[in-house]
Amino acid sequence: RQPGTAAKPRRRPTAPAAGELPPELAVHERPLSGIAEAVRTIRTNLVFMDPDHPLRTLAVSSSGPSEGKTTVACSLAVGMAQAGRRVCIVDCDLRRPRLHRIFDRVGDEGLTAVLIGEAKLEAVVKPTIVDGLSSIPAGAIPPNPGDLLHSERFRRFVETLREQFDCVVLDTPPVVAVSDSAIISTLVDGTVFVVRANKTSRHLAKQGLRAFRDVGARVLGVVLNAVDVKGAQYEHFRQY
């Protein structure tokens, strides 16, 4: 700064206003926003991908952390519920779970308790603030997530949810970091792969897709997340 001028005070991050929902629930809180419209477009694409065989179980994953897979999973689950479907979202990231914070279920039993036989499925499924949407948190973090997700009990867990809900969305860990997502992808109707704009490298994205191909998973498509629509390269889309 110029000599003799006072330094400008730094702006502190503003705390969420009282009653404000987490950003993962923006589709519910702001149904007329651009992100809500984008989610409805993705929902439509998924619904009409195979009208004769609707997708009942859906996994969401990414190559690495911090690419927005949980936000996409929550947004899709909310979007499906807004279309009148009975939806359940499950936190299958047994290493770094997040759904318990998003849906205000800190301390609740969840998927882990069901898989080790300490809780019944009906005891961990609870409705959320979104009409038609239920959630199952991860629960306690186990020492052997891969073994639990590779078990026959987890396969039966997914099949039971499939019978009880119109759509089940599984939020899974990054596929390059651990094999959990690849395991889960073989048990669902399809997997949505999340790529973060200006962050995910081409090499990492290819590595993640290859991990799914190696186990014969059905990758439904890729969601390009966190696109800056105000950037110069998207200027001609701004009117939309």
State yes or no: is R162 touching a strand residue (DSSP E or B) at 6+ places or on another chain (Cβ under 6 Å) and of a type in the set (D, E, K, R)? yes
Being on the phi > 0 side of the Ramachandran plot and at pLDDT 95 or above is the requirement here; does G216 meet it? yes
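Can you pull out the helices (runs of 4 or more DSSP H) entirely within the stretch 86-157 that have at least 2 residues that are more than 22 Å from I183 (Cβ to Cβ), aliphatic (A, V, I, L, M) and out of contact with any strand residue (DSSP E or B) (no Cβ under 8 Å at 6 or more places or on another chain)?
Working: elements: 99-102, 111-115, 121-124, 145-149.
Of the helices (runs of 4 or more DSSP H) lying wholly inside the stretch 86-157, none has at least 2 residues that are more than 22 Å from I183 (Cβ to Cβ), aliphatic (A, V, I, L, M) and out of contact with any strand residue (DSSP E or B) (no Cβ under 8 Å at 6 or more places or on another chain).
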When the stretch 115-140 is examined, which residues are found to be in contact with a Lys or Arg (Cβ under 7 Å, 6 or more places away or on another chain) and either hydrophobic (A, V, I, L, M, F, W, C) or closer than 13 Å to C92 by Cβ (or both)? L115, S135, P137
Residue ID - surrounded by the most Cβ atoms within 10 Å (Cβ to Cβ), chosen from residues in the stretch 38-80 that are more than 14 Å from the chain's Cα centre (by Cα) and in a helix (DSSP H, G or I): L46
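In this structure, is I129 in contact with a helix residue (DSSP H, G or I) (Cβ under 9 Å, 6 or more places away or on another chain), touching a residue at least 60 places away in the same chain (Cβ under 8 Å), surrounded by fewer than 14 Cβ atoms within 10 Å (Cβ to Cβ) and more than 29 Å from D214 (Cβ to Cβ)? Step through it out loud before you land on a result.
On the way: in contact with a helix residue (DSSP H, G or I) (Cβ under 9 Å, 6 or more places away or on another chain): yes; touching a residue at least 60 places away in the same chain (Cβ under 8 Å): yes; surrounded by fewer than 14 Cβ atoms within 10 Å (Cβ to Cβ): yes; more than 29 Å from D214 (Cβ to Cβ): yes.
In short, yes.
The values are calculated or read from the model by the stated rules, or taken from the named source; none is laboratory data. Values in this document were obtained by computation on a predicted structure and should not be read as measured data. Methodologically, a virtual Cβ is constructed for each residue, glycine included, from the backbone with ideal geometry; neighbour enumeration extends over all protein chains shown.
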